[in-house]
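Accompanying notes for the structure given below.
Coordinate-derived values only; no laboratory data. These figures come from a predicted structure and were not determined experimentally. Using ideal geometry, Cβ is built from the backbone for each residue, glycine included, and neighbour counts are taken over all protein chains shown.
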Amino acid sequence: MKNFIIAFIASTSILASCNNSTSEIFGKTFDNKNAVAASEVVSQIQSGKQFHGVMEGRIVAVCQEKGCWANVELPAGQTIKVLFRDANGEEFSIDKTSKNKMIVVNGVGYMDTTSVEMLKHYAQDDGASKEAIEKITTPEIKPVFNASGAFLK
C-alpha cells in the first residue's frame, strides 16, 4: 500500500508539472485574469492617458533575433508594439515562434515616438528587405506597451 501511495504521488506530480509548464510564462509572474483587450488599451492611450494593468491580444509579429518585442493586433491592420522589460529595465524574451498566439501582458501602455534608427532596427529584426528598410525615413508616434511579464495562451 505504501508503494502504491508513493507511486500515485509521484505520477500525479509529474502530470501536474506537465500541465502547468512554465515555458509559456516570461518575465515577472502576474495575475492574468481581468485582462483588457488591446484595442481598449490603445483607445485609452490615444486619449492621453497611460494604461497600467493587464492587456491581451493576438501576436502578429515577434522579433526574430531575440524575441524581445512583439506586435499585437489591433483593428484595421494596426498594431501595438510590446517591449519586454522587467522592473529594472532589463530585457527578457518570449518564444520567437509565438506568432498567431494569444498573449497576456502586464505593464504600462503609453504613446511614444519611435526614431528612424529604431524603426529600421525593428524592420531588420522582422526580416524586412534592405529596400524596405531604406524606405523608413520618418519617426512614428504610436502606442507602445512595456511589459514586465508575459503569458502565452
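Below are the figures for this structure:
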item: Tail weight of P(r) past 26 Å, computed on alpha-carbon pairs of the stretch 24-152, percent; result: 16 percent
item: Cross-link pairs beyond the 26 Å C-alpha cut-off, checked among Lys99/Lys142; Lys101/Lys135; Lys28/Lys130; result: Lys101/Lys135; Lys28/Lys130
item: For the stretch 24-152, size of Cβ-based charge dipole, Lys and Arg +1, Asp and Glu -1, in debye; result: 180 debye
item: Dipole of the stretch 24-152, positive end: most advanced residue of Ile25, Tyr122, Val60 [Cβ charges, Cα centre]; result: Val60
item: Environment charge at Ile133 (Cβ cut-off 13 Å; Lys +1, Arg +1, Asp -1, Glu -1); result: -2
item: Cβ-based net charge around Pro143, under 13 Å, with every Lys or Arg adding one and every Asp or Glu removing one; result: -1
